[in-house]
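**Student:** Let me begin by handing over the structure; questions about it come next.
The values are calculated or read from the model by the stated rules, or taken from the named source; none is laboratory data. Note that this is a predicted model, so its numbers are computed, not measured. Because the Cβ atoms are built from the backbone with ideal geometry, glycine has one as well, and the counts that use them run over all protein chains shown. Note: areas computed on protein heavy atoms with side chains; ligands, DNA, RNA excluded. Shrake-Rupley method; radii C 1.70, N 1.55, O 1.52, S 1.80 Å.
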Amino acid sequence: MSAPPTPNPVRCHALLPCAGTGSRAGSAGPKQYQTVAGLPMVLHTLAAFNAVPRIEQTLLVVAPEDRFLTVDYPELLLERCGGATRAHSVFNGLGALKARGAADDDWVLVHDAARCLVTPAQIEALIDACWNDPVGGLLALKLPDTLKTEREGRVVATVDRADKWLAQTPQMFRLGLLLRALEVQAGHGFSGVTDEASAVEMAGHRPLLVPGSAQNFKVTYPEDFALAEAVLSSRA
């Protein structure tokens, strides 16, 4: 009688949605390609993931017409399947990972390309925290500031911040679980899906919160570029 087949080991993949236009950044083109500390911002992000041995592959999901990285960096793993929203790009990217051999039980770390200050240590900490978790989780930061609600430009209430966290990325979930969670929301245009954790929450799960770093911010506004430059220069 033959022995049962040996199950394939669980692997980690990284998925970087990179199809945004960066309209709030005030830059001439997509912000992920703006130069910060001598390199396009997305390459700093990729360098952090490339320094984590447990990451099997890192896939960038770019817009169908995007040729920026193709011209200058042909060795990168790209899929031109970016959608109209971040959630749509992630959904398409998960399908591309499956087509490349990723399994439903594999872990996927989804990360904002514009969070170029993430470190290999932070990525490793998330993997360690989530590896044996039944759901998965995300890097997040306890809210440090007083939070207000507003109406017509004036404060109407102060919100208790004791249980409030700022969601960051990477966000780490099983490929199959995340794909199914997003598939349910695809029929509604991914309405209300602001990150991977929100889709998983809508599916009835409670993602794990893993303490992140204030330096792992998303470059969003024009003044953020100078701060990212300062941080990266100080590390160099």
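**Student:** To make sure I understand the rule: partners must be aspartates and glutamates, Cα under 20 Å from the Cα of Lys164, and not fewer than 8 residues away in the same chain. Which ones qualify?
**Tutor:** Cα-Cα hits under 20 Å: Asp145, Glu150, Asp195, Glu196, Glu201.
**Student:** May I ask you to give the percent of accessible area on region 85-132 that is carbon plus sulfur, with a probe radius of 1.4 Å?
**Tutor:** Its accessible area is 52 percent carbon and sulfur atoms.
**Student:** Could you identify which residue out of Ala181, Ala162, Ala226 has the top mean-square fluctuation in a GNM of the chain using Cα springs shorter than 10 Å?
**Tutor:** Highest fluctuation among the options: Ala162.
**Student:** Among Pro134, Leu177, Gly20, pick out the residue whose Cα is farthest towards the positive end of the charge dipole of the chain, where Lys and Arg carry +1 and Asp and Glu carry -1 on C-beta, about the Cα centre.
**Tutor:** The residue sitting most towards the positive pole is Gly20.
**Student:** Which whole number in µm²/s is D for the chain by Stokes-Einstein, with the Kirkwood Rh taken over Cα pairs at 37 °C and 0.692 mPa s?
**Tutor:** For the chosen part, D equals 175 µm²/s.
**Student:** Moving to a separate point now. Just how many % of Cα pairs in region 147-200 lie over 19 Å apart, if you round to the nearest whole percent?
**Tutor:** 51
**Student:** Let me ask another. Could you please state, rounded to a whole Å, how far the C-alpha centre of region 75-109 is from the C-alpha centre of region 179-236?
**Tutor:** What the calculation gives is 16 Å, centre to centre.
**Student:** Then there's this: When the chain is treated as a GNM, springs tying every alpha-carbon pair under 10 Å, which of Gly176, Gly187, Gly29 comes out with the largest mean-square fluctuation?
**Tutor:** Gly187
**Student:** Report, in deg cm²/dmol and to the nearest 500, the calculated mean residue ellipticity at 222 nm for the chain, where each DSSP H run with n ≥ 4 adds -39500 (n - 2.57) and the sum is divided by the residue count. Could you put the intermediate results ahead of the total?
**Tutor:** Details: 7 runs with 73 residues, N = 236.
Rounded to the nearest 500, it is -9000 deg cm²/dmol.
**Student:** So, with +1 on the Cβ of K and R and -1 on the Cβ of D and E, and no other charges, what is the size of the charge dipole of the chain about its Cα centre, to the nearest 20 debye? Please report the intermediate quantities before stating the final value.
**Tutor:** Working: 21 positive and 25 negative charges, 44 e Å.
In debye, rounded to 20, the chain gives about 220.
**Student:** Next question, about the same structure. For Lys148, which aspartates and glutamates qualify as cross-link partners when the Cα separation must be under 16 Å and same-chain residues fewer than eight apart are set aside?
**Tutor:** Lys148 reaches Asp160, Asp163.
**Student:** Charges on Cβ only, +1 for Lys and Arg, -1 for Asp and Glu, centred on the Cα centroid of the chain; of Ser89, Thr220, Ser233, which one is farthest towards the dipole's positive end?
**Tutor:** Farthest along the dipole direction, towards plus: Thr220.
**Student:** Moving to a separate point now. I need two numbers for region 37-174: Rg to one decimal and Dmax as a whole number, Cα atoms only, in Å.
**Tutor:** My reading of the Cα-based Rg and Dmax gives 17.7, 53 Å.
**Student:** Tell me which residues come under 5 Å, amide H to amide H, from Leu59 once H is placed; ignore anything under 5 positions away on its chain.
**Tutor:** Ala14, Leu15, Leu16
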